[in-house]
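Working notes for the structure below.
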Protein chains: 2
Amino acid sequence: MKYRLLAIGKPKLDYAAAGIQDYAKRLKHYVQLEIDYLKDRNESEALLSRSKGSYRIALDERGTQHSTASLTKQITQLESRGDLKAVSFLVGGADGHSAAFRDQCDQIWSLSSMTMQHELALVVLLEQIYRVFTIKRGEPYHRE
Amino acid sequence: MKYRLLAIGKPKLDYAAAGIQDYAKRLKHYVQLEIDYLKDRNESEALLSRSKGSYRIALDERGTQHSTASLTKQITQLESRGDLKAVSFLVGGADGHSAAFRDQCDQIWSLSSMTMQHELALVVLLEQIYRVFTIKRGEPYHRE
């Protein structure tokens, strides 16, 4: 299974860019992950077009909040399906996703009930995916 | 009102240390904030002792999840009380807080239903406090 993280706009906050890079690097040992930053024009169309044919998980405040155990179960279930080749995580810009966009996604996850700076949300998402894969492998959580 | 963030152990992750510094710097324009990293021995005692006399808000997965609007309301209410001089945010180490510890806190907040690396949780908390103060001041959210 391939994973794709599609986000709007390259991170401008130095710490967030560093955090994203940190977890992307760690995740390479576990999974094939591609991160694409799309231009902030026609966001929805760009995210849908780039994720065509993949299982779409949108990140949105109005989505379902999961525990880490529940996310691990979700990912495990997706990986056990024979019909999926790729999972895309779709993160919108500062204004989130429209209802029409959310309708075209397979799952909507919410990372928190609080509004979070969207570049920080990318770090939180990647840390969580990293955490899920260390759990799936039965490994201790590696900090380095 | 003074704010204190008490956490266990200095951040080891470079991106988290940078994120904490980033938001601490921005917050200086809004509020008096002191960040103290305590040693990871007798965590609970150290956190309680250092926060003595202040209003204690512990961060813990078993706490209440708030929206940003709700957090803004909480902070506004605390600031309008005449009897409080300081609010302390208490963040435990990787294992969270004990029940006995939580009993001695005034509020328990949960940042997410997911388990989050605790240094990353500090960044998320500070970003949120920063967001609350920009909202209270009626200012647009500043990124720089």
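The values are calculated or read from the model by the stated rules, or taken from the named source; none is laboratory data. Quantities reported herein were computed from a predicted structural model and do not represent experimental measurements. When we count neighbours, we look across all protein chains shown, and the Cβ atoms used for this are built from the backbone with ideal geometry, even at glycine.
General remarks:
- Meets criteria (closer than 24 Å to residue A:17 by Cα and outside any helix (DSSP H, G or I)) for residue A:138: no
- All positions within the stretch B:87-100 that are in a loop (DSSP other than H, G, I, E, B) and either under 13 Å from the mean Cα position of the chain (by Cα) or of a type in the set (Lys, Arg) (or both): B:92
- Only a single criterion out of (1) in contact (Cβ under 8 Å) with a residue 24 or more places away in the chain; (2) closer than 22 Å to residue B:120 by Cα; (3) more than 12 Å from the chain's Cα centre (by Cα) is not satisfied by residue A:79, namely (2).
- Number of positions in the stretch A:1-23 that are buried (at least 17 other Cβ atoms within 10 Å of the Cβ) and either farther than 25 Å from residue B:22 by Cβ or of a type in the set (A, V, I, L, M) (or both): 11
- Any chance residue A:67 is touching a Ser or Thr at 6+ places or on another chain (Cβ under 8 Å), surrounded by fewer than 17 Cβ atoms within 10 Å (Cβ to Cβ), small (Gly, Ala, Ser) and modelled with pLDDT under 95: no
- Hits in the stretch A:101-131 (condition: of a type in the set (Val, Ile, Thr), outside any helix (DSSP H, G or I) and either within 9 Å of chain B (Cβ to nearest Cβ) or more than 12 Å from residue A:62 (Cβ to Cβ) (or both)): A:115
- Test: residue in the stretch A:39-56 that is surrounded by 14 or more Cβ atoms within 10 Å (Cβ to Cβ) and at positive phi: no
- One residue from A:59, A:47, A:71 being more than 11 Å from residue A:132 (Cβ to Cβ), within 14 Å of another protein chain (Cβ to nearest Cβ) and in contact (Cβ under 8 Å) with a residue 40 or more places away in the chain: A:59
- Among the residues of the stretch B:87-144, the one identified as in contact with a Gly (Cβ under 9 Å, 6 or more places away or on another chain), among the charged types (D, E, K, R) and surrounded by fewer than 21 Cβ atoms within 10 Å (Cβ to Cβ) is B:102.
- Taking the numbered list (1) at pLDDT 95 or above; (2) of a type in the set (Asp, Glu); (3) outside any helix (DSSP H, G or I) in turn, residue A:40 passes all entries but (1).
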